[in-house]
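Student: Below you'll find the structure I mean.
The values are calculated or read from the model by the stated rules, or taken from the named source; none is laboratory data. A quick note: this is a predicted structure, and the numbers were derived from the prediction, not measured. Note that we place each Cβ from the backbone using ideal geometry, even for glycine, and neighbour counts take in every protein chain shown.
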Amino acid sequence: MARSQPEVQGEKDVPPESERDALETVALSSSLGYLLRRLQLNFKKHFTRIAGVDGFHPNHVGAMFTIGDNPGITPSQLCATLGMEPAQVATMLNALEALGYIARKASKTDGRSRRVHLTTAGKRKFEDVRDMALEVERNFIGDTLSPAETEVLVGLLSRLLDGQVE
């Protein structure tokens, strides 16, 4: 005799992907965390589609800006600025170094400390990244937000980030 599956109260069959629009998403669509995560994932896909070439990834952009604007920054300063763990920064610096974009040099005042600098190739890439990042952002926003709305959004996100205790 075949055993029947127990019925779970409130359980709904999951519809195929083509029917996702019919799913109940009110709780998610009003969740700040969910919306930020979805936007981050969409932006990463958008960036990779437009600019993800030669092993250069979206997470490299912040590092390139920070190193380019602060020659001689230490890895620990980079961690604090980008809000990343030391292991993540080390992995990213290894990748940027393998691409020939950065060099780590011993500090002149403390031989134990390393300072991060852009190489000549890194400086060229940094200039490309500046232009590319602006274009990717403009393209991502498109006509969805006006320049004034974009400025307000960036301001609100900055305030929210500044208000966080890490």
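Student: Give the residues of region 103-137 that are among the aliphatic types (A, V, I, L, M) and under 25 Å from Phe43 (Cα atoms), sorted by residue number.
Tutor: Val129, Met132, Ala133, Leu134, Val136
Student: Okay, moving on. Would you point out which residue out of Arg124, Arg115 is touching a Lys or Arg at 6+ places or on another chain (Cβ under 9 Å), at pLDDT 90 or above and surrounded by 11 or more Cβ atoms within 10 Å (Cβ to Cβ)?
Tutor: Result: Arg115 is the single residue among Arg124, Arg115 that is touching a Lys or Arg at 6+ places or on another chain (Cβ under 9 Å), at pLDDT 90 or above and surrounded by 11 or more Cβ atoms within 10 Å (Cβ to Cβ).
Student: Do we find that Thr74 is modelled with pLDDT of 80 or more and within 15 Å of the chain's Cα centre (by Cα) in this structure?
Tutor: no
Student: Still on this structure, I have one more. Would a scan of region 52-63 turn up a residue that is without any contact (Cβ under 8 Å) to a residue 40 or more places away in the chain, more than 29 Å from Ile141 (Cβ to Cβ), loosely packed, with under 15 Cβ neighbours inside 10 Å and of a type outside the set (D, E, K, R)?
Tutor: No, the conditions are met nowhere in region 52-63.
Student: Something else about it: Among the listed residues Gly62, Gly72, which satisfies the condition of being of a type outside the set (A, V, I, L, M) and in contact with a His (Cβ under 7 Å, 6 or more places away or on another chain)?
Tutor: After ruling out the rest, the residue left standing is Gly72.
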